[in-house]
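K.L.:
Sharing a structure, written as structure tokens. Questions coming.
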Amino acid sequence: MPTPPRLNDPAERAAYQAELRAVARPLRMGAVWLAVLGALLAALRAKVLPMPVAVPAAVLALAFFLMVLGITVRVKYHQRRMRGDL
């Protein structure tokens, strides 16, 4: 059974932080880009493009969902890693 990382050692802590940072990164970065897109759509809707309010709201809701999903995956990974399951 694998052992959990030793977080008392600075080198292992840094390596684990880098490992944890990479977990679900595409989900979290996708959420950030969708949030930016949703904000741009909302701004354009107000000034230039006629579109239903639901379009930017749906993009922002998807961004929120992806961010929560990415955070959840990362927390679950951390819990399993600390138990030594991974």
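K.L.:
Within the set of pairs 6 or more residues apart or between chains, which connect a residue that is within 19 Å of residue 73 (Cα to Cα) and in contact (Cβ under 8 Å) with a residue 40 or more places away in the chain inside region 1-24 to a residue that is surrounded by 13 or more Cβ atoms within 10 Å (Cβ to Cβ) and of a type in the set (Phe, Trp, Tyr) with Cβ atoms less than 7 Å apart?
P.N.:
5/16; 23/77
K.L.:
In addition: Which of the following residues is charged (D, E, K, R) and not in a helix (DSSP H, G or I): 13, 6, 74, 21?
P.N.:
Being charged (D, E, K, R) and not in a helix (DSSP H, G or I) holds for just one of 13, 6, 74, 21, which is 6.
K.L.:
What's the number of the condition residue 56 fails, among (1) modelled with pLDDT under 95; (2) surrounded by 12 or more Cβ atoms within 10 Å (Cβ to Cβ); (3) not hydrophobic (A, V, I, L, M, F, W, C)?
P.N.:
The number of the failed condition is (1).
K.L.:
Can I ask one more? Looking only at region 2-17, filter to residues that are loosely packed, with under 12 Cβ neighbours inside 10 Å and among the charged types (D, E, K, R); which one of those is farthest from residue 83 (Cα to Cα)?
P.N.:
9
K.L.:
How many residues does region 59-86 contain that are free of Cβ contacts under 8 Å to residues at least 12 places away in the same chain and either in contact with a Pro (Cβ under 9 Å, 6 or more places away or on another chain) or under 16 Å from residue 19 (Cβ atoms) (or both)?
P.N.:
Adding up the residues that qualify gives 4.
K.L.:
Which one of 44, 66, 20, 34 is more than 23 Å from the chain's Cα centre (by Cα) and surrounded by 13 or more Cβ atoms within 10 Å (Cβ to Cβ)?
P.N.:
Criteria check complete, one pass: 44.
K.L.:
Considering only region 47-61, state which residues are more than 16 Å from the chain's Cα centre (by Cα) and assigned to a helix (DSSP H, G or I).
P.N.:
Initially, region 47-61 is screened for residues more than 16 Å from the chain's Cα centre (by Cα), giving 47-58.
47, 54, 55, 56, 57, 58, listed by residue number.
The values are calculated or read from the model by the stated rules, or taken from the named source; none is laboratory data. None of the values given here were measured: they were computed from a predicted structure. Note that we place each Cβ from the backbone using ideal geometry, even for glycine, and neighbour counts take in every protein chain shown.
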